[in-house]
1. Filter region A:420-472 down to residues that are outside any loop (DSSP other than H, G, I, E, B), touching a Gly at 6+ places or on another chain (Cβ under 8 Å) and farther than 23 Å from A:Ile370 by Cα, then give me how many there are.
2. Quick one: count up the residues across region A:78-115 that are among the hydrophobic types (A, V, I, L, M, F, W, C) and modelled with pLDDT of 95 or more.
3. Considering only region A:475-483, I want to know if a residue exists there that is part of a loop (DSSP other than H, G, I, E, B), more than 10 Å from chain B (Cβ to nearest Cβ), touching a helix residue (DSSP H, G or I) at 6+ places or on another chain (Cβ under 6 Å) and crowded, with 19+ Cβ neighbours inside 10 Å.
4. Go through region A:499-530 and give me each residue that's among the aliphatic types (A, V, I, L, M) and either at pLDDT below 95 or open to solvent by 10 Å² or more (accessible area, probe 1.4 Å) (or both).
5. Condition test on A:Ser117, is it in a helix (DSSP H, G or I), surrounded by fewer than 23 Cβ atoms within 10 Å (Cβ to Cβ) and on the phi < 0 side of the Ramachandran plot?
6. Taking the condition more than 9 Å from chain B (Cβ to nearest Cβ), of a type in the set (D, E, K, R), touching a strand residue (DSSP E or B) at 6+ places or on another chain (Cβ under 6 Å) and surrounded by fewer than 18 Cβ atoms within 10 Å (Cβ to Cβ), does A:Arg9 pass?
7. Would you confirm, using the coordinates I've provided, whether A:Pro51 is within 14 Å of chain B (Cβ to nearest Cβ) and either closer than 20 Å to A:Met527 by Cβ or open to solvent by 20 Å² or more (accessible area, probe 1.4 Å) (or both)?
8. Of the conditions (1) part of a loop (DSSP other than H, G, I, E, B); (2) within 22 Å of A:Thr501 (Cα to Cα), A:Ala213 clears all except one; give me its number.
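The values are calculated or read from the model by the stated rules, or taken from the named source; none is laboratory data. All of these numbers come straight from a predicted model, not from anything done at the bench. Positions of Cβ are backbone-derived with ideal geometry, glycine not excepted, and every protein chain shown enters the neighbour counts. Accessible surface is based on the protein model in full, side chains and every heavy atom, while ligands, DNA and RNA are left aside. Shrake-Rupley method; radii C 1.70, N 1.55, O 1.52, S 1.80 Å.
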Amino acid sequence: MVPTDLLGRALAAPIKPSEAPSTLLQTIRQSQTVNKSYRLLVNAPGEPYLPRLDILGKEPAADRATKRRSLAYLGHFSDIHVIDAQSPGRLEPLIALTAEFIDASRPQDTLTTQVLSQMVSSLNIAKHSSLTGAPMTAMLSTGDNADSRNSTELNWVINIIDGVSVTPNTGKAGVYEGVQVWDEATYVYQPGNPNIDEYGARGFPQIPGMLNAAVSQNVTSVGCPTPWYTTYGNHDTLFMGNIQVQPALQAWAVGSRKAASWPAATSNMLNWWATEGSVFQQFVNQVRTGLGFANGIHDVTPDAGRKLFDQKEFMQAHLASPATPGPVGHGFTQANVDAMQTYWTADLSPYLRVFGLDTCNQVDGADGAIPQDQLDWLVTQLNEAQKANKLAIVMSHHNSYTMENIAAPAIGPSQPLIHADQFVSTLGQYPNMIAWINGHTHSNTITAHPKAGGGGFWEITTASCVDYPQQQQTVEVIDNRDGTLSLFTTVLDHDSPAAWTNGDFSQRGFASLSRELASNSWAFRPMTLMGSVLDRNCELLMPAPFDMKHITDAEVEKAKNAAQARLVAYDQKAVPQ
Amino acid sequence: MNVFRSRTSRRAWAVGALVLTPLALAGCASEVIGLASGGSLNEAILSAATVDVLVGQKVTILAKPVCVVSTTNPADYTCNGKAAKGEPIVTTVTDGQSGNTNPHMSITVGGTSVYQGEIVPVLNNAMVVTQ
């Protein structure tokens, strides 16, 4: 409990914009090549806010900064992709088969917990707005928290965000067992021997001991300073974000054999379909003969924690997390579990309501869609919010470019699937719907959805923690008190040096190394994920959806004090566990 | 069901037609943005380049240019947006075919040319720090 006098002083103190470093002050960019085509990262000048006028349709009032008030300051995480790089349930060899499985392996796979922890650190540093000083109200996470539907991965994510330390190892203690040390895996970066494959030809560094050190590290976390909420992503739903989990894969994930070569991986996958029935048996037998089934499999230490979770277990894991930072369930409630309803709503303040959707297809394919029953629910909710003069934010994993999935459930109730155009059109019918925040494409992208006749909403897509640029962001809702709102998006780099120092195996060092490796991962075309300057630090203007006097200054002040009190309490206990 | 199902999704629009082919070593600048080695120009890259030019020339943008590739000729790209007073912003590319590591773009605002030249140097200026 925070002492009353301390809390009182904190609430009475004048609010000043934070001077914490953000990409407003400093960014990270690639330098010239240092070894063949390999580049290091360096600090670069910051990027000021740029206005986006696509929805307002005109230049804004020049004096709006003198009158504005902050209604909410939020963090936005997405596509965290914490990875258990040693799990047999990951089929890295598929990357050698086709670029369609490019996600199967990355050079920085063992460093994801370190990156997440340092991203949480950045969020803590940015917990007061650098624009208005407003305290952060909540963090919204839009899915792909775990990379491989692995229970241990999910626990690592929840623990790190909650401020609990983790050791990112499964299987044998202190020893990495995986493709990045196996000779036949000539499709991944091997830090002990990069010259085994193309990574060496491109100048990737030799870093002896990196893998064992990375998986053995006690990764601490300062914890999220605010309550946080989450939605599903396709990687939380489907194997490799694409394929429905089969019982045979469950057995492999917790078993003692891991595939190192693509024929073996492919055989593993074909084996699943064969166990489901005889439809594919003839095909499987023919292909196995050609592939050489027995080669390319290594023995590894099994680990029951690698169990692949299902929807119920995903929600239950969030319900099991502590009350602080909270909320318990992070959007999901016991009612969600009982009804198996994977979408939810929560009030972040008396005047701001958020809707967490599940756009993931449970059957097949990385793309998303909205089932009809979920859209019907959302429409009812948006109507209620509009009548109550509440601003609404929708959060989901998929974005408007990636919602064309048509795969329908093979069994059980089947709902029509609603795709992007209809979904956007539906959202646009509600003026109080000010923003749709999402992820999935691992890129910074801001898309305007103007309506004919005026108004509309902003779609804000943030990058990921796993692929370059490894950025997340904050979103602040500002009432300009002139009939317009501004949403300020501020991109965050994780709290680690731009340049990795050779031999720095600290937590921050590993996060820095991860970013550097990611920036050189040519197959991911990393620079295309940065977005343009109009997709990063921006002021997104729009007409106010209703007379903003309905939201009184007293309500705003009360909400702000509640958020500030939480941050004061957080600072009081902020010692890494 | 095809186990090698195409990934329609997560980054199809950003990655473009990526093909894994034997990769030639290059320290050239186009590596930075992946136009080398079998990669190709795409809408996201072109949009970013257009925006970089416009912002650099302090053009107030009313509607961010949206880029599309021609359905009949994959070398042709067009972007359309608006400047502050409603002037059309138009970017055209006619050599954006796959494998061309040095495409060119032409940008006009209200019919007046504001840029005509290579795309790669524009992006490198934004993405790479020369020390």
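1. 1
2. Narrowing region A:78-115 to residues among the hydrophobic types (A, V, I, L, M, F, W, C): A:80, A:82-83, A:85, A:91, A:94-97, A:99, A:101-102, A:104, A:111, A:115.
Applying the additional criterion that residues be modelled with pLDDT of 95 or more yields A:80, A:82-83, A:85, A:111, A:115.
Total satisfying the criteria: 6.
3. For region A:475-483, residues part of a loop (DSSP other than H, G, I, E, B), more than 10 Å from chain B (Cβ to nearest Cβ), touching a helix residue (DSSP H, G or I) at 6+ places or on another chain (Cβ under 6 Å) and crowded, with 19+ Cβ neighbours inside 10 Å: present.
4. Result: A:Ala499, A:Ala523, A:Met527, A:Leu529, A:Met530.
5. Details: in a helix (DSSP H, G or I): yes; surrounded by fewer than 23 Cβ atoms within 10 Å (Cβ to Cβ): no; on the phi < 0 side of the Ramachandran plot: yes.
No, not satisfied.
6. So A:Arg9 fails the test.
7. Considered against the rule, which asks whether it is within 14 Å of chain B (Cβ to nearest Cβ) and either closer than 20 Å to A:Met527 by Cβ or open to solvent by 20 Å² or more (accessible area, probe 1.4 Å) (or both), A:Pro51 comes out as yes.
8. (1)
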